[in-house]
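I have placed the structure first, in the form of C-alpha cells, so that the comments after it can refer back to it.
Only the coordinates and a few stated rules stand behind these numbers; no lab work does. Remember, predicted model here, so these are calculated numbers, not experimental data. We place every Cβ from the backbone using ideal geometry, glycine too, and count neighbours over all the protein chains shown.
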C-alpha cells in the first residue's frame, strides 16, 4: 500500500482535520482539530474533552460536531473537514434515521452542515490526520476547551513536515 500524506485543500478552501481519542480508564473522550489554509499554513487549533463513556463512532461524531461548531463560530467558509473514521463520514452523508445516541450526534452534525453549503466532510487515512490525533491526545493537559492561534508545541513538527 502507498504511504498516505496530508494534502492541502484546493485554492480558496481551508482544511480542518479532526480526531477523537479515548481514555477509557478516565472515562473521558477528547478531540483535536487543526485548521490550515490552501498553502498548508497553520491557522488555528482546538482541543476539548468531556467525561463520558462513548463508542468509537460516538466519540468521532462528537468530535466532528465540536469541530463544525468551532469553525462556524469563527466565521470561516469553504472548509473541508477531514476525519479518519469512515463510518461517521458515510453516516453524515446518508439520510437514514438512527434513533441511538450515535444517530442523535450524527443528526446534530447534519443540522449544522445544512446551514453551511460550503462545508464538506471527507474521509482520510489515519496517517494523514496526525495533527488532529496529536491535539486530541494533548487535550487532557489543558483545564478545559483550548483554542490556539499559534502552532501548539505538540504539533509543531507535524505541521512543519507536512507543509508543502
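Table: residues versus (1) more than 21 Å from residue 163 (Cβ to Cβ); (2) within 10 Å of the chain's Cα centre (by Cα).
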| position | (1), (2) |
| --- | --- |
| 46 | no, yes |
| 50 | yes, no |
| 53 | yes, no |
| 61 | yes, yes |
| 66 | yes, yes |
| 96 | yes, no |
Without any contact (Cβ under 8 Å) to a residue 60 or more places away in the chain, under 20 Å from residue 43 (Cα atoms) and in a helix (DSSP H, G or I) - does that describe any residue in the stretch 140-154? yes
Under 23 Å from residue 5 (Cβ atoms) and either in a helix (DSSP H, G or I) or free of Cβ contacts under 8 Å to residues at least 40 places away in the same chain (or both), is that true of residue 132? yes
